[in-house]
1. Go through segment 114-144 and report how many residues are within 12 Å of ligand 2 (Cβ to nearest atom) and part of a helix (DSSP H, G or I).
2. Taking only pairs six or more apart or across chains, which ones have beta-carbon atoms under 8 Å, a first residue in segment 218-236 that is in contact (Cβ under 8 Å) with a residue 12 or more places away in the chain and open to solvent by 40 Å² or more (accessible area, probe 1.4 Å), and a second residue that is polar (S, T, N, Q) and in a strand (DSSP E or B)?
3. Determine whether segment 313-322 contains at least one residue that is within 32 Å of the chain's Cα centre (by Cα), surrounded by fewer than 20 Cβ atoms within 10 Å (Cβ to Cβ) and closer than 30 Å to Ala363 by Cα.
4. Say whether the condition of being of a type in the set (S, T, N, Q) and either buried (at least 18 other Cβ atoms within 10 Å of the Cβ) or in contact with a Gly (Cβ under 8 Å, 6 or more places away or on another chain) (or both) is met by at least one residue in segment 289-300.
5. Would you tally the residues in segment 356-374 being within 14 Å of ligand 2 (Cβ to nearest atom) and either within 20 Å of Ile66 (Cα to Cα) or open to solvent by 10 Å² or more (accessible area, probe 1.4 Å) (or both)?
6. Filter segment 167-202 down to residues that are charged (D, E, K, R) and either closer than 21 Å to Ala43 by Cβ or over 19 Å from the mean Cα position of the chain (by Cα) (or both) and give me whichever is surrounded by the most Cβ atoms within 10 Å (Cβ to Cβ).
7. Checking the structure you have, find out if any residue of segment 387-394 is open to solvent by 60 Å² or more (accessible area, probe 1.4 Å), part of a helix (DSSP H, G or I) and among the hydroxyl-bearing types (Ser, Thr, Tyr).
8. Condition (residue is over 15 Å from Met365 (Cα atoms) and open to solvent by 10 Å² or more (accessible area, probe 1.4 Å)) applied to segment 126-140: is it met by at least one residue?
Amino acid sequence: MALSSYLDAALLHAQLAALSVIGTKPTVPGRTRLALGDADRLARDQLVAWLRAVDLTVHIDAVGNIYGILEPDPRCAHLPVLLIGSHIDTVIEAGAYDGCYGVLAGVAVLRALRAAGVTPPRPVGIVAFSNEEGVRFQPDMLGALTVAGGMPVADVLDLVSTDGVRYGDELVRIGYAGLMVPGSLPIHAYLELHIEQGPILAATGVSLGAVHTLQGISWQRITLSGVANHAGTTPLHLRHDPLVVAAQVIAALRSYAQQSTATVATVGTLELAPSAINVIPHTVTFTLDLRDPDNDALTRAEAHVQQLLATHASAEGVTVHCTPLARFAPVVFDAGLVDTISDVARSHGISCIPIVSGAGHDAQMIARVAPSAMIYVPSRDGISHNPAEYTAPTDLEAGLRVLCDVVARQLGITVTERSN
Ligand code: GLV
Ligand code: MN
Ligand code: MN
């Protein structure tokens, strides 16, 4: 009998709904739980309460990652943990599913293990990684990056947020500066269930994706400095307008991406100073998010940005300063785990296709230190990072069932018939 028969999907839906309310405001669409903010603290408190309700051992590490561990037989307690995870921080005006689904589905799987009366042959746990979104602190996927040894804890704690506060100070303020050393928990394998956040599954009518590759990500902040001057009196040939340069570069990048095989380029923030209707701005700062599944193509795109900036800035008499914020190469997930996901889906009669992830995920960091893979469920109309993000309950449940039985297979457990 499958472990998934012990799942309580109704409780997963109820917890997703309850979490989705945290960080909402009557006049603002969606929910906003930026990492280490007040709403993130409330969501963390709620998650910890749910972990305790399943009688899990809760650990918080030094960068605020939250773990809930179902302890095995004491003779197996030293073995590496089978970990299921994702994140509960959000972007600004977010949907309800991104990250939260994966964390709460993990909790549902641990609850199923409890309901089936299984003492697993190794620790099994869930993790909610800190600052996956990277909106408030860069780089993104920061908690997972730290666990994977990609950034020293001291450097993480010294990061300064977009609103000017130190990571370590915020962590103390919200009460999540834990004692565990990130990376000290050896990981046997890592699984992440997530909404696709893109159009592929919805368009093909397939229920699940077995993610085999995750594309590379390059983030930078670009500051262009010109000269503030009077909007009415300054002739065009005397202007040093950084916004004109930004506009030229952004438009040229769209053409570049259109002509490339798979590069995408996004400017998601843009600020002008002094930002007044009748003043040519002296400074423009914007962020650039570049992605491509091919690392060489991503490197070429980065070089092209430099060339565009140099050409247009010099023509306008504007200076350029670029600050790298994140650079992660594409990741190929563990082939054995990806095959297991497809196989378990097949055994349930759930359609599943191999898929490349366009979004960044904690799994992409943990893949550095442990076999990792991801399961995707469809996103209606491919919409995400938007309050309209939606996945049908039946799809959420299909993903949950497959995650649960992949976990059972990894643990090599069989369960007895449900008595009720
Ligand atoms: C996270 O959602 C990202 O892909 O930026
Ligand atoms: Mn996510
Ligand atoms: Mn996201």
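1. 1
2. From segment 218-236, the pairs are Arg221/Thr285; Arg221/Thr287; Arg221/Thr323; Ser225/Thr283; Ser225/Thr319.
3. Within segment 313-322 (the criterion being within 32 Å of the chain's Cα centre (by Cα), surrounded by fewer than 20 Cβ atoms within 10 Å (Cβ to Cβ) and closer than 30 Å to Ala363 by Cα), the answer is yes, since at least one residue qualifies.
4. yes
5. The qualifying residues number 10.
6. Checked segment 167-202; the qualifying residue surrounded by the most Cβ atoms within 10 Å (Cβ to Cβ) is Glu192.
7. Yes, that holds for at least one residue.
8. Here is the first cut: in segment 126-140, the residues over 15 Å from Met365 (Cα atoms) are 126, 135-137.
Subset that is open to solvent by 10 Å² or more (accessible area, probe 1.4 Å): 135-136.
Yes, because at least one residue in segment 126-140 is over 15 Å from Met365 (Cα atoms) and open to solvent by 10 Å² or more (accessible area, probe 1.4 Å).
The values are calculated or read from the model by the stated rules, or taken from the named source; none is laboratory data. Given the structure is predicted, the values throughout are model-derived calculations rather than measurements. Cβ: placed from backbone, ideal geometry, glycine included. Neighbour counts: every protein chain shown. These accessible areas exclude ligands, DNA and RNA; they are computed on the full protein's heavy atoms, side chains included. Shrake-Rupley method; radii C 1.70, N 1.55, O 1.52, S 1.80 Å.
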